[in-house]
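Single-structure report; data block below.
The values are calculated or read from the model by the stated rules, or taken from the named source; none is laboratory data. Source: prediction; values computed, not measured. Backbone-built Cβ (ideal geometry, glycine too); neighbour counts: all protein chains shown. Heavy atoms of the whole protein, side chains included, go into the accessibility calculation; ligands, DNA and RNA do not. Shrake-Rupley method; radii C 1.70, N 1.55, O 1.52, S 1.80 Å.
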Amino acid sequence: MKKVCLILLLITSQVGSIESNEALTNQERELYQQIIQEVRCLVCQNQSVGESNADLAKDLRTEILEQVQKGSSEDDIKNYLLSRYGDFVLYEPSFKKSTYVLWLSPVLIILLILGWLRKIGVIGK
Amino acid sequence: MAAEFGQLFLISALAASLMQFFLGLNIISLDQTNREILITRFTSIHCLTVFLAMLCLGYSFLTDDFSVLYVALNSHTNLPVPYKVAALWGAHEGSLLLWILLLSLWGTSLAYSKKFFDHTLVLKISSLSILGLVSFGFILFIIYTSNPFERIYPFPEQGQSLNPLLQDPALAIHPPILYAGYVGLAVPFALALASLMSSNDYHWAGLARIWAINSWLFLTGGIALGSWWAYYELGWGGWWFWDPVENASLMPWLVATALVHSLIVTEKKQIFNGFSALLAIIAFSLSLLGTFLVRSGVLISVHSFASDPERGLFILMLIGFFTGGALIIYALNQKRSKPLNLNLWSRESLLLLNNVFLCSAAGLIMIGTLYPLVLELVNSEKISVGPPYFNFVILFPFIPLMLFIGVAVFSSWSGTGKKLLVNINRLALLSIVMGLITSYLILGYETPTATLGIILALWTIFTGAMPVIKNLGSQTHQLIKNLPMALAHIGLGLTVLGITVTSSYGITFDDTLGFGQSKQVGSYEFKLITIEDRAGPNFKAKVATVDIFSNNKKVGTVFPEKRTYDSAAPSMTEAGIDSNLFRDLFVALGEDLGGGVWSMHLQFKPLLRLIWLGPFIMILGGLFRLFLLKPFSREI
């Protein structure tokens, strides 16, 4: 199905009527541009699908574009990608047991700083 | 023959660096004068032999000696000569040789520095000895795992050429500049350890400051250059990807910035001696970590190319040895400091606070960079940590940091902050009003972070400039005293302004364009005129002509290119960019969809240039400090 869509896209492009961003509202376009920057191209070396020329990246872009056009929300699209490709596909790691430390690290560091400043007596006395 | 000579020079360098190390130890009985003379000579011999080894490798490149494996892998008879030179450090083996060359150059600059006097001579001898040991470790690493002089037989007729991504003027000079920054941090590291092991007082701080500022300058330049290159060469108009390799250079920069500030306090007030020493150790350790991340191949990243694990283990051992050893020396010699009883609003505390924020920023970046690696190792779980994470967590240390920068400028040494509020309230008000006007009336409200970013950037610029403006009428000495600080802070403010505005108000379009068609991006209209063929020295290219209009008036024409190199690598995009101080218009060619229709990447990026103008001004500030205001301290 993906392949078919891509071929369709190419054909329609060839005849000049562009079935790409044209039909999008500004909001949809922003969403599309944002999501393709946050989705990892799985076969590239650390590039988002928005930056890559790889075939997989093109497929994913088409996929995301279609979903945006269908009116799916950001969460819908991301959840769909997650269920299909796993955690690795999103540049924003999800908040779960194994990423607690990662996501809480800013807070932990701030607490550490405050504790240390208290200890050396710069604040709190 | 050149390669064999290179090999010999490398082995001589190994011996010289080992001598340099031993001469600093007490097991060799020598009086101090002779010890100094000898260690200085061996430092120069060490530097000279590494340089000669580099020359030998260069000769192999220029004579297209493809029997040398490294040359065969990274050069080609039709590679333009400047890139044959750049190919010297274009891959793993050569870049490590460059690493050592720069390290030995910094060592030589220390050996011949006129800033040492009788009572600091012991610092000089011990730090040169430590630098000798660092060099020894890395030369050993080169010889055992990454020898650039290795021969192959039978040798190929033709080389595989330099990675096309690297065939670019900015990237040709990027590694030497960035590496000079990385390894320059070895000097404050060595001075800190030398001080900890001997007098353990503040004398090292003034000396370390010189090399800390030097390294900081090179790191700033190297990072900015890398970002600029990524912007126009990687083809998608991004200027920072939070790629592990970029993070590897940003972490030492953040800690080096903290180090430069902490050394001011140690030099002037003779406090925070231990903290400054710790920063010097961490800064160089992060440089080593960066070398490990980039050179071991543990990362999957746009910049790093596959290597074997043997190398990674060797560098890990080097990191363990130098960082671990340094921390042990630090722990054993750390003096219990007297209670300082500092007021929070004194300049000492504020600088300390901001140094802590800078280090936290480096710490958070390190957590984000290493987390996926560790998780995969421990849990076999693969996750990606990218821009959405870093852009979010970096705000935690950076918002208070930017807030306190301006306050610190107006604070006084050992002050209590009584007059502080009176002094800063006007500038604070001015920044808030101007920031609100800019973000609501001129640009249009976007997000609270954008508004806050603009206000904080203006605040940093105003408070940085104020001490100079106030002294405009006074004598030259008074006027230039604050100039380095002012330039550095203004530079930072401009960078933050550029980053905030361009990421909040920039517009990106990925779209298709046919000949004669045009597309509206913001208030600009991009029109594709033609696409023609062009042949370069070692590539073929498609060159598009795109006219850009604003209000039906032509404002520029850009020529984005798509190149296919003879070495059969995937094609490269050369973006077409029309830029001025206020905005960048960016066009990158995508795919040929047939029938004269191409997919294209179009961007409008307001104030993008400030992101690189900022570092440039910061560098000016650093240069002023080094060359305009001498000497650092009468005491050193």
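Brief remarks follow.
- About the centre of its Cα atoms, chain B shows a dipole size close to 2620 debye [charges on the beta carbon of Lys, Arg (+1) and Asp, Glu (-1) only; nearest 20 debye].
- Cut-off under 5 Å, modelled amide H: who pairs with B:V521 long-range: B:F526
- Phi-derived couplings, Karplus 6.51 cos²θ - 1.76 cosθ + 1.60 at θ = phi - 60°, listed residue by residue for region B:74-79: 10, 9, 7, 4, 8, 6 Hz, with x used for Gly and Pro.
- With loop membership from DSSP and a limit of 10 other Cβ atoms within 10 Å, the longest segment of chain B without trypsin sites (Lys or Arg not before Pro) is B:115-334.
- Here's the picture: charge each Lys and Arg Cβ at +1 and each Asp and Glu Cβ at -1 in region B:183-327, and of B:L279, B:G226, B:A194 the one pushed furthest to the positive end of that dipole is B:A194.
- For B:S503, the solvent-accessible surface with a 1.4 Å probe is about 80 Å², rounded to the nearest 10.
- For region B:428-498, chymotrypsin sites (Phe, Trp or Tyr not before Pro) are listed when DSSP marks them as loop and at most 12 other Cβ atoms sit within 10 Å of their Cβ; the list is B:Y445.
- Based on the Kirkwood approach, the hydrodynamic radius assigned to the protein assembly as shown is 28.0 Å, with every pair of different Cα atoms included.
- For region B:250-267, Karplus couplings with θ = phi - 60° (6.51, -1.76, 1.60), whole Hz, Gly/Pro x: 6, 4, x, 4, 4, 6, 5, 4, 4, 4, 4, 6, 5, 5, 4, 5, 5, 5
- Global geometry of region B:117-176, whether rounded, prolate or oblate, following the gyration tensor of its Cα atoms and the 1.5 cut on a/c: oblate
- Listed residue (B:H174, B:G235, B:A208) projecting farthest to the positive dipole end of region B:157-274, Cβ model: B:A208
- Positive dipole terminus of region B:1-91, leading residue within B:V85, B:L30, B:S12 (C-beta point charges): B:L30
- Overall form of region B:141-193 per C-alpha gyration tensor (a/c, 1.5; a/b vs b/c): oblate
- Amide H contacts of B:T512 (H built 1.01 Å from N, in plane; Pro and chain starts excluded): A:N21, B:M600 sit under 5 Å, all sequence-distant by 5 or more or on other chains.
- Gyration tensor verdict on chain B (Cα atoms; rounded if a/c is under 1.5, prolate if a/b is larger than b/c, oblate otherwise): oblate
- Size of charge dipole - region B:1-112 - debye, nearest 20, with Cβ of Lys, Arg +1 and Asp, Glu -1, no other charges: 160
- Taken residue by residue and averaged, Cβ atoms of other chains lying within 10 Å of the Cβ of B:110-117 number 0.
- Computed accessible area, B:L316, all protein chains, 1.4 angstrom probe, square angstrom: 80
- MRE, 222 nm, helices only [DSSP H, n ≥ 4, -39500 (n - 2.57), over chain B, to nearest 500]: -21000 deg cm²/dmol
- Each Lys and Arg contributes +1 and each Asp and Glu -1, all at the Cβ; summed about the Cα centre of the protein assembly as shown, the dipole is approximately 3260 debye.
- Neighbouring partner chain Cβ atoms per residue of A:86-98, average, 10 Å criterion: 5
- Heavy-atom accessible area with a 1.4 Å probe sorts B:M317, B:M251, B:M485, largest first, into B:M317, B:M485, B:M251.
- Relative contact order of chain B, defined on C-alpha pairs under 8 angstrom at six or more residues apart (%): 11
- Backbone geometry of region B:495-500 corresponds, through the Karplus equation with coefficients 6.51, -1.76 and 1.60 at θ = phi - 60°, to 3J(HN,Hα) couplings of 4, 5, 4, x, 4, 4 Hz, x marking Gly and Pro.
- Straight-distance candidates among the lysines for linking to B:K269, with alpha-carbon spacing under 24 Å and chain neighbours fewer than 8 residues away dropped: A:K119, A:K125, B:K114, B:K115, B:K124, B:K335, B:K338, B:K418, B:K419, B:K481, B:K630.
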